[in-house]
Amino acid sequence: MNTVIPAYRITATGTAMHLGIAAALLTVCIWSGWLIAVRFSSSSALTAFDLAMMRYSLPALLLLPFMWQARVAIRRTHWLHLIGISIGAGVPFFYLSSTGLNYAPVAHAGLLIPGTFPVFVTMIAVLVYRETLTRHRLIGLSLITAGVTLLMMASLVQQQADILKGDLLLLGASFCWALFTVSMRVAGLPPLAAAGLLCWVSTLILAVLYLFGWVESGLADANQDELLMQLIIQALGAGLLAGFFYGFAINRLGAENTAAIGSLTPVVAGLAAIPLLGEQLSLAALLGMALICCGVIKASGFRLRKKRSQLAFQPPV
């Protein structure tokens, strides 16, 4: 028996539209700050494990009441969607993105994570939910692919093996984020409850990794100013506010319209990294940024009119 669910692309009008746009723009700012903070930590004593624990453990405690309130909805959600939420924005995403940022500049991360995940979202929609690949989406995805190819070919031609390695890791993070985005939209859970769920699952995974000695901590060697900065950005920004704003934007605008606004992330992050980290935007990065941003907007069919589409979903056996 087929269950009809809201499509991952949705349109909105009025107050819901304005609130959704505001939430998406705030998410862009938080994402950009998070990318810069993770890149900055690559030269500090803090490890990826330390940042991940800041990112997930404290929000897990603060979001527990919201999980409890939504416990019935969580129990009724298909287990595959719960895994998609927990893993897509959880530990795998964090380690892929943070490790990738050890090799690639912030501008690449801004382009490859929020910039390319519409390609993966569309792949999931077409392969899993049998959604039709429209002409405007095909054109947009072609532009995104051209931008990514240009970016990675520049690293290959210049024999920048480390940057190329980082780019591949960031693409893996992008796929994880696409999985989270689609799972979040299909599950329809309250944003704070979903954020609490992924934080709890991630904290438990990190605790197991630490107990078995598979990860290391550098907290003892880090200075207090850096700890405070990372705690604010990881726990408050990425852990609490970004999860809520992003989920809110998806629920109001849909995944594709949110992705269109999210395409501003590489612009904001790349420009901010120039004075803050001393990075420079290469010609390939600028051209890739233009292609990917245009591609995301085109692929999303950025519409905010009152219209709703549906997808038929057959739960796996």
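Values quoted throughout were computed directly from the atomic coordinates according to the rules given, and no laboratory measurement underlies them. All values reported here derive from a predicted model rather than from experimental measurement. Ideal geometry is used to build each Cβ from the backbone, glycine not excepted, and the neighbour counts take in all protein chains shown.
Mind checking which residues of the stretch 72-88 are of a type outside the set (Val, Ile, Thr) and over 13 Å from the mean Cα position of the chain (by Cα)?
Ala73, Arg75, Arg76, His78, Trp79, Leu80, His81, Leu82
Take the residues in the stretch 216-242 that are of a type in the set (Gly, Ala, Ser) and under 16 Å from the mean Cα position of the chain (by Cα); name whichever of them is nearest to Met54 (Cα to Cα). Reasoning before the result, please.
First pass over the stretch 216-242, keeping only residues of a type in the set (Gly, Ala, Ser): 217-218, 220, 222, 235, 237-239, 242.
In the following step, the residues that additionally are under 16 Å from the mean Cα position of the chain (by Cα) were identified as 235, 237-239, 242.
Working: Ala235: 5, Gly237: 11, Ala238: 10, Gly239: 8, Ala242: 14 Å.
Once the filter is applied, the top-ranked residue is Ala235.
Can you tell me how many residues in the stretch 158-169 are in a helix (DSSP H, G or I) and either more than 18 Å from Trp31 (Cβ to Cβ) or of a type in the set (Val, Ile, Thr) (or both)?
The total comes to 6.
Would you please list the contacts, defined by Cβ atoms under 7 Å and residues six or more apart or on different chains, that run from a residue in the stretch 282-297 that is within 15 Å of Met153 (Cβ to Cβ) and without any contact (Cβ under 8 Å) to a residue 24 or more places away in the chain to a residue that is among the aromatic types (Phe, Trp, Tyr) and crowded, with 22+ Cβ neighbours inside 10 Å?
Close Cβ pairs satisfying both conditions: none exist.
Could you grab me the full set of residues in the stretch 118-139 that are basic (Lys, Arg) and surrounded by 12 or more Cβ atoms within 10 Å (Cβ to Cβ)?
So the first thing to find is which residues in the stretch 118-139 are basic (Lys, Arg), and the list is 130, 135, 137.
Answer for the stretch 118-139, where residues must be basic (Lys, Arg) and surrounded by 12 or more Cβ atoms within 10 Å (Cβ to Cβ): just Arg137.
Provide a single number: the residues in the stretch 115-149 that are among the small types (Gly, Ala, Ser) and more than 26 Å from Gly270 (Cα to Cα).
Within the stretch 115-149, residues that are among the small types (Gly, Ala, Ser) and more than 26 Å from Gly270 (Cα to Cα) number 1.
List the pairs whose first member sits in the stretch 197-222 and is over 15 Å from Gly88 (Cα atoms), whose second member is in a helix (DSSP H, G or I) and of a type in the set (Asp, Glu), and whose Cβ atoms are under 7 Å apart, counting only residues at least 6 apart or on separate chains?
As it stands, the answer is Ser217/Asp50; Gly218/Asp50; Leu219/Asp50, since those pairs meet every condition given.
Among Gly172, Gly196, which is the only one that is assigned to a helix (DSSP H, G or I), touching a Phe, Trp or Tyr at 6+ places or on another chain (Cβ under 7 Å) and of a type in the set (Gly, Ala, Ser)?
That would be Gly196, the only listed residue that is assigned to a helix (DSSP H, G or I), touching a Phe, Trp or Tyr at 6+ places or on another chain (Cβ under 7 Å) and of a type in the set (Gly, Ala, Ser).
Have a look at Tyr56, Tyr129 and point out the one that is closer than 22 Å to Phe175 by Cα and out of contact with any Ser or Thr (no Cβ under 9 Å at 6 or more places or on another chain).
None of the others qualify; the one that does is Tyr129.
I'd like the full set of residues that are in a helix (DSSP H, G or I) and touching a Ser or Thr at 6+ places or on another chain (Cβ under 7 Å), limited to the stretch 203-226.
Those that are in a helix (DSSP H, G or I) and touching a Ser or Thr at 6+ places or on another chain (Cβ under 7 Å): Thr203, Glu226.
Among (1) surrounded by fewer than 22 Cβ atoms within 10 Å (Cβ to Cβ); (2) under 20 Å from the mean Cα position of the chain (by Cα), there is one condition Val91 misses while meeting the rest; what is its number?
Unmet for Val91, out of (1) surrounded by fewer than 22 Cβ atoms within 10 Å (Cβ to Cβ); (2) under 20 Å from the mean Cα position of the chain (by Cα): (1).
Among the residues that make up the stretch 233-245, is at least one of them among the polar types (S, T, N, Q), touching a residue at least 24 places away in the same chain (Cβ under 8 Å) and either crowded, with 21+ Cβ neighbours inside 10 Å or within 25 Å of Met17 (Cβ to Cβ) (or both)?
yes
On the given criteria, is Leu189 out of contact with any strand residue (DSSP E or B) (no Cβ under 6 Å at 6 or more places or on another chain), farther than 22 Å from Leu35 by Cβ and not aromatic (Phe, Trp, Tyr)?
Yes: the conditions hold for Leu189.
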